[in-house]
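Working notes, structure below.
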Amino acid sequence: MKRFYEVDFIKGVAVILMVIFHYFYFGTQMGKLNYNTNEGLLFIMGKLAHITFIFMVGINLVITRLNQKDMTDQEYRQDQYKRLLFIICVAAFISFFTYLTFPDNWIKFGILHFIPVGIFLLLPLVKRPNVALMVATGLESIHQLNEAGYLTELYQYVPEIPAFILGLYNYRFAALDHFAIIKYLPVMALGIYTGNQVYTYKNRKIKQLNYLDNVLTKENIIVKLGKHSLSIYMAHLVIIYLYFRYLV
């Protein structure tokens, strides 16, 4: 299976940004630090990490499909569904952990809840980059219309829980982390489009990028972080909480 180490490197950078952001975010939430994470450099770091992860999920879907070209579409989807079950289990753990530690703001639909839902919805578009781009454009248009207040008349037809998950409105649910489908699915869809433009079977369409094979290797520490980003995500939340809970 061909690995493009720039993908892991980018995810590794996102991991570093995420850990730094969560250190200050959870430290502030627990009353051990006092930083405004809703603006400035920390806010930018957090958003950049989240958006990068979601975008790279779309690219990874394309690369995985290219590497499994001998599979039928049905076999590929079944293989992805098995991976989704693991992510769903991790998401359930995050919800349970934050329910115990932050009962008023536990994570109900965070990034690890969003990712399996997004993958499930976009799997049929992995080999249809133009359709993925159309979906990204359409959903982003809906998001902007909603942000501008043009869709408020429709709220009465959408129950609270679906509206919260979709990102139409939220009058009741407080959470440390929330990733609405309408807001972030365009990012993943754009990743699918980009992956199809940059990569082909065991190679890159943009030949100038092949020099990266001489720069990045599997021994690069940031590449290693990116390769194990999901495990790091789960572990670092627990470690940061225990640090501020018992050592600070």
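For segment 35-51, the Karplus equation 6.51 cos²θ - 1.76 cosθ + 1.60, evaluated at θ = phi - 60°, returns couplings of 10, 8, 8, 9, 7, x, 4, 4, 4, 4, 4, x, 5, 4, 4, 5, 5 Hz by residue, with Gly and Pro reported as x.
Taking each residue as 0.36 nm, the span from VAL215 to MET234 lengthens on full extension beyond its C-alpha to C-alpha distance by 3.9 nm.
For MET30 and GLN208, a Förster radius of 41 Å and the Cβ-Cβ distance give a FRET efficiency of 0.30, rounded to the nearest 0.05. When shorter helices are ignored and each DSSP H run of at least 4 residues is given -39500 (n - 2.57), the per-residue value for the chain at 222 nm works out to -22000 deg cm²/dmol. Relative to the compact-globule estimate of 2.2 N^0.38 Å, the Cα radius of gyration of the chain comes out at 1.06. The mean sequence distance of close C-alpha pairs (under 8 Å, at least 6 residues apart), as a share of the length of segment 5-247, puts its relative contact order at 36 percent. With the simple model of a label 7 Å out from the Cα in the direction of the Cβ, LEU41 to GLN78 spans 5.1 nm. For segment 214-229, putting each phi into the Karplus relation 6.51 cos²θ - 1.76 cosθ + 1.60 with θ = phi - 60° gives couplings of 8, 9, 10, 10, 5, 7, 5, 4, 6, 4, 4, 4, x, 5, 10, 4 Hz, in residue order, rounded to whole numbers and with x for Gly and Pro. Derived scalar couplings between HN and Hα for segment 148-158 equal 7, x, 7, 10, 4, 5, 8, 4, 5, 9, 10 Hz in order, rounded to whole Hz, by the Karplus curve 6.51 cos²θ - 1.76 cosθ + 1.60 (θ = phi - 60°), x for Gly and Pro. For the pair THR137 and GLN156, label points projected 7 Å from Cα toward Cβ lie 3.4 nm apart.
The alpha-carbon positions of segment 1-99 define a convex hull whose volume is 108 Å³ per residue. For the peptides 69-75, 128-134, residues were scored by their other Cβ atoms within 10 Å and the scores averaged per peptide; the highest-first order is 128-134, 69-75.
Packing around the peptides 228-241, 203-216, taken as the average count of other Cβ atoms within 10 Å per residue, puts them in this order, highest first: 228-241, 203-216.
The alpha carbon centroids of segment 35-113 and segment 151-223 are separated by 9 Å.
Residues of segment 187-222 with amide nitrogen under 17 Å from the 7 Å Cα-to-Cβ point of LEU48? The answer is 222. Can you give the FRET efficiency to the nearest 0.05 for TYR246 and ILE16, using r as the Cβ-Cβ distance and R₀ = 25 Å? Calculated value: 0.55.
Summarising the label geometry, the points placed 7 Å from Cα in the beta-carbon direction at TYR169 and ARG128 lie 3.2 nm from one another.
We did not get these values from a lab; they are worked out from the coordinates using the rules stated. This is a predicted model, so every value here is computed, not measured. Virtual Cβ from ideal backbone geometry, glycine too; neighbours counted across all protein chains shown.
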